[in-house]
1. Does at least one position in segment A:171-180 carry a residue that is basic (Lys, Arg), closer than 30 Å to A:Lys79 by Cα and surrounded by 13 or more Cβ atoms within 10 Å (Cβ to Cβ)?
2. In the set A:Met147, A:Met217, which member is among the aliphatic types (A, V, I, L, M), away from every other protein chain (no Cβ under 14 Å) and in a helix (DSSP H, G or I)?
3. If B:Ser70 passes every condition in (1) part of a loop (DSSP other than H, G, I, E, B); (2) out of contact with any strand residue (DSSP E or B) (no Cβ under 7 Å at 6 or more places or on another chain); (3) over 19 Å from B:Asp52 (Cβ atoms); (4) away from chain A (no Cβ under 14 Å) but one, which one does it miss?
4. What number of residues within segment A:141-165 satisfy the criterion of being basic (Lys, Arg) and within 17 Å of the chain's Cα centre (by Cα)?
5. I'd like the residue in segment B:130-153 that is among the acidic types (Asp, Glu) and within 16 Å of B:Ile73 (Cβ to Cβ) and, out of all such residues, is farthest from the chain's Cα centre (by Cα).
6. Which one of these is under 23 Å from the mean Cα position of the chain (by Cα) and not charged (D, E, K, R): A:Val180, A:Val168, A:Val184?
7. Restricting the search to segment B:70-84, which residues are over 14 Å from the mean Cα position of the chain (by Cα) and surrounded by 15 or more Cβ atoms within 10 Å (Cβ to Cβ)?
8. Go through A:Leu171, A:Leu197 for me and flag whichever is hydrophobic (A, V, I, L, M, F, W, C), part of a loop (DSSP other than H, G, I, E, B) and either touching a Lys or Arg at 6+ places or on another chain (Cβ under 7 Å) or modelled with pLDDT of 85 or more (or both).
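The values are calculated or read from the model by the stated rules, or taken from the named source; none is laboratory data. Values in this document were obtained by computation on a predicted structure and should not be read as measured data. FYI the Cβ positions are ideal-geometry reconstructions off the backbone, even for glycines, and counts take in every protein chain you see.
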Amino acid sequence: MINLIKKDFITTLRVRPSKSILMVIAVVAILSIFIMPLFQYIAPVMLPLIVSYIVVINSFYYDSINGSERFILALPVKKEDMVYSKYLFSLIIVFLSIFVIYLFYGGIIFDSIRGLIFQDVVYVLNIFLISIACIFPLNFKFGYGKMQSLNLIISIMVSIPISKIISVIALKMESLKPTVTVNVEGFTGILFEIIDLKYVNFNTLTIVSILIFIFSMYISLKIYTKKDIL
Amino acid sequence: MNKKFIVVSLGILLSAFILLGLSNLIFKDKVIYSEGSDSYLDNMKVEITYDDYKETNDGYEIKVNVKNNSKYIASIRDIKLSPQEISNSMEFRGIEEYVENGDYIMGINTEGSKGYIFTIPKGIYFDKNLIDINNMRLYYSVDFYRYRIGENTLFMSVGSMSDSILLKNNLNTEVLYINN
């Protein structure tokens, strides 16, 4: 299993494909510093999210174009190790990206608008974990080839309600400050009333996402071990 | 399979707990957006002081000086002077001072200042018993911007504030008072 994770690292980060990641980082860096200061506001969330997503999807992509799935399963490797390795790989990638973005944005640098805050980490972790939890079982069931175009759509659709919940939690925390009054209407207002900060906050939300992630791993295991690899 | 699954799940949970614990420690007081930047409230202030008055053909001009003490670029949205007793009915609007041979720029840069002039036109008189011209109230509202693009464009508003101060002046009020 460890070697499978190593293989994923090598195919996605060390070979030619790292160009696409460097391009994403360069584009965001240039936009942040030179052209749109507004971009600095969302860069600490967008950058780790996009890069982690590209790396993890690339691991599936390179497995599918290399045909490595059949080759690896002909070796004495258990099927469940394939599943474990993909999930652990995606977790390691997101932790690494958060660590790297903390090194760059940890304080307020380059006269930027803000430094890294906990809410950014929460955004990245939760959106990434739940998107992965949704698309991995489908990738294992139908193969990467069929799921290629759907992956992104499902991830974006899933990320919208999650970011809404996170922003309402943040709004609720803002409203507790003595000098702030918050005005919410409509659906956001309903969410605002329902959420009780003692039970629904950043920490519990992340734990729920991790549990969903583990549950999705369980489902993928069940799917993949029963699947016939032709 | 079950044993391995439990081991891996526990590993994932543990690493997540460690990450959460570390983040809570590191980002102890930088949890939401308003805590991510320097404190806004302390940094959005302008200082308004009475400067001078002079009599011209048009009327009596009261000048105030607006100094920008914040680290953002201030742009006065409006500034009005009005005797407290009649503040609901009559107010004098302040106009930016025209500086000869000066370049007009929009807004007030950090540590910069601008003059604003209120003109009480000739022909208006106030009743001494009812209205006090020497203690008028000045209302102002300011927008704060972060970047300047050229002389006439400001970009990215960070907030605005409005307030009122009591402005003591030393107008030659006898001219403006009419005795019953």
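1. At the first step, the residues of segment A:171-180 found to be basic (Lys, Arg) are A:172, A:177.
Subsequent filtering for residues that are closer than 30 Å to A:Lys79 by Cα retains none.
The answer is no, given that none of the residues of segment A:171-180 is basic (Lys, Arg), closer than 30 Å to A:Lys79 by Cα and surrounded by 13 or more Cβ atoms within 10 Å (Cβ to Cβ).
2. Working: A:Met217 fails: away from every other protein chain (no Cβ under 14 Å).
Being among the aliphatic types (A, V, I, L, M), away from every other protein chain (no Cβ under 14 Å) and in a helix (DSSP H, G or I) holds for just one of A:Met147, A:Met217, which is A:Met147.
3. Against the list (1) part of a loop (DSSP other than H, G, I, E, B); (2) out of contact with any strand residue (DSSP E or B) (no Cβ under 7 Å at 6 or more places or on another chain); (3) over 19 Å from B:Asp52 (Cβ atoms); (4) away from chain A (no Cβ under 14 Å), B:Ser70 comes up short only on (2).
4. The initial filter retains those residues of segment A:141-165 that are basic (Lys, Arg), namely A:141, A:146, A:164.
Cutting the leftovers down to within 17 Å of the chain's Cα centre (by Cα) gives us A:164.
The qualifying residues number 1.
5. Here is the first cut: in segment B:130-153, the residues among the acidic types (Asp, Glu) are B:132, B:143, B:151.
Going one step further and asking which of them are within 16 Å of B:Ile73 (Cβ to Cβ), we end up with B:143, B:151.
On the way: B:Asp143: 6, B:Glu151: 19 Å.
The residue in question is B:Glu151.
6. On the way: A:Val180 fails: under 23 Å from the mean Cα position of the chain (by Cα); A:Val184 fails: under 23 Å from the mean Cα position of the chain (by Cα).
Residue meeting the stated conditions: A:Val168.
7. B:Leu81, B:Ser82, B:Pro83 - these are the residues of segment B:70-84 that are over 14 Å from the mean Cα position of the chain (by Cα) and surrounded by 15 or more Cβ atoms within 10 Å (Cβ to Cβ).
8. Details: A:Leu171 fails: part of a loop (DSSP other than H, G, I, E, B).
Going through A:Leu171, A:Leu197 in turn, just one is hydrophobic (A, V, I, L, M, F, W, C), part of a loop (DSSP other than H, G, I, E, B) and either touching a Lys or Arg at 6+ places or on another chain (Cβ under 7 Å) or modelled with pLDDT of 85 or more (or both): A:Leu197.
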